[in-house]
Amino acid sequence: MIQACEQLNAWLGGFESILKRMTPSNFNWFLHVMLFLHTRLLIEKQENKANGLENESDEEDEEEEEEEEGDDTGDNID
């Protein structure tokens, strides 16, 4: 459980510049949506692993990460 919380916290760290500018109610909504999406992603990975599809899921994740790294929109304003 602690490891899942640490992973989520690390994942949310990528949204820090956006989170700093949110109102408390927007932050609350955003956090709940991200928790939902993160949980859904983890459950999907676990199901794929149980069904022997873990390699396909890992390859898709790597492709998505490469696309995200190439997208530099300048949102990291401090």
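Each reported figure results from applying straightforward, stated rules to the coordinates on display, with no laboratory input. Computed from a predicted structure; not experimentally measured. In this analysis, Cβ positions are derived from the backbone assuming ideal geometry, glycine residues included, and neighbour counts consider all displayed protein chains.
7 Å from Cα along Cα→Cβ at both E44 and L19: what's the point-to-point distance in nm?
2.2 nm
Quick one: give the max-minus-min coordinate of the C-alpha atoms of the range 1-58 along each principal axis, largest first, in Å.
Extents along the principal axes: 43, 21, 17 Å.
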